[in-house]
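Below is one structure, written out as structure tokens; comments come after it.
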Amino acid sequence: MKNFKSDDKTSNRPSDTITTHVARYENMLPVGDPAYYFTNSEKSATTCERFWFYEYSRGYHTDGVGTSLTYGVILHRLLEDILSVVQEYNIPHCLPLLDDCYKILSANLHDYIEEQQEHINEYDANFESELLLRLTNSLQGWHDNFSKILEEWDIVAVELPIYKDVTLSTGETTASFNTVYLPTSTGGLTRLAQLGEANNMQGFYEIVLNESDYDLMGYTDDIDLRLDLDKIEMRKIELPVRFLGKIDVLLQHKEDEKRLAVLDHKTTASCDRYESRARYDTQLPTYASVVNSMIKQGKLNTVPEGAKVDTLIYDLISNKIGAAPTPLKSGKLSSRVSCPSYLFEEAIESLKLEKKDYTEKLEELRDNDSKFFRTIERDFLSDDDFVIRSEIAATADFLVDKHQKLSATNNASRSNIYRHVRRNSGQCDRFGRCKFSAICLANNTKSAILKTRSKIYWTHN
Ligand code: SF4
């Protein structure tokens, strides 16, 4: 049996020497504080307990992400850099010139791709140039659309980390998690804290499922060990449970400084479909609620006292923007082309064609531009705030309960673990042909499942 101890106040390993690491939130306050953080993505993943288990508890990773997802992530990074210029130079009401946006794109694209490299399994030599072309074709449409948003709103913050301590149904704001300490004899690594339960919230270590039991195995270059779990000292420590998020843009109304909006950039295959589903979105309402509670608690001093988020803005960008039209054999442009109007206009100019010959086509394309770029605004009311606060608390309850149940199965068989994480097969399609179907469902082709570092892990200072 493993050796569990309750938190020992005389220990030379107090819980406050623990540092939390959360993917995508590195170096952002308050991440680093000893806490159990969960994000909106984790909250959404709980729709299927099994999906949550693979993604967040096991930290499984499947074959590379699709190119449309890569495109979305890289476009997002580009917009973050463009808007950071606004913040850096404190010009909250206008964007950099379009030409400067193109410069930011060409100067950084390679770095953006490098950042995503580990998620992209295979791409050919044309990947970067194709991506450059797609992003270049999108920029003007996004720039025009976002400039209209800035006619009504000013930018307060870009990529703003937000957080909130969550009260559990027990009335507590902390929960106990097991910690694994490694023996000092492991060479250099004197000890590592591993929170959550031993087997299900791995930090640097991978738990390998054997027929009858678990082993703990290091999997990074600098760790090469296998340990008998019986010899690992475990103790329980208390951690605050916190929701964590990052807002793309926080906006303030030009005519009423107490009115705020949270904005998220969204790439989508269909703006129409996104708009029809936007009312089911829980991400932006969640962020709005957390911002409002931070303001109430005086944790957001960049906005005036009494300010409140009352608007949600979805900045939609189609990921299906084709290339600028090319001429037919006749030298003219086809009237059947579908692209943003500015790409068609550029083609007219570069081919030195007569603009008046395309008046009708240009009008048709302008009417159609909202197919590619669109802004959706939704109200965020006090009643919404109440519903979301309850939902965040219910998710915290779920996560703490699951982790605690799973930790009780340290030495149990796989079937015992799966008893705690039920499948919700109704979600398999919703997650875009779920990436875990190979290990979760019987009638799927088996594919590689990789173990990666968990999205959240803890170390001792
Ligand atoms: S395949 Fe279906 S049931 Fe299994 S994890 Fe994915 S969504 Fe859940």
Label model pair E80, L441: point-to-point distance (7 angstrom along the Cα→beta-carbon line) in nm is 3.2
For the range 274-333 the mean separation of alpha carbon contacts under 8 Å (6+ apart) over residue count, i.e. relative contact order in percent, is 24
Expected unfolding gain across A269-E88 under the 0.36 nm per residue rule, minus the alpha-carbon gap, is 62.0 nm
Under Stokes-Einstein, the range 284-409 at 37 °C and 0.692 mPa s, with its Kirkwood radius over C-alpha pairs, diffuses with a coefficient in µm²/s of 170
Taking R0 as 60 Å and r as the Cβ-Cβ distance between Y280 and D357, the FRET efficiency 1/(1 + (r/R0)^6), rounded to the nearest 0.05, comes to 0.85
Among GluC sites (Glu not before Pro) in the range 288-352, those in a DSSP loop whose Cβ has at most 11 other Cβ atoms within 10 Å are E305
Once H253 and E128 are pulled to full extension, the length gained, defined as 0.36 nm per residue separation minus their Cα-Cα distance, is 41.2 nm
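Taken together, the values in this text are just the output of simple stated rules run on the coordinates, not laboratory data. Keep in mind that what you see is a predicted model, and the values were worked out from it rather than measured. Using ideal geometry, Cβ is built from the backbone for each residue, glycine included, and neighbour counts are taken over all protein chains shown.
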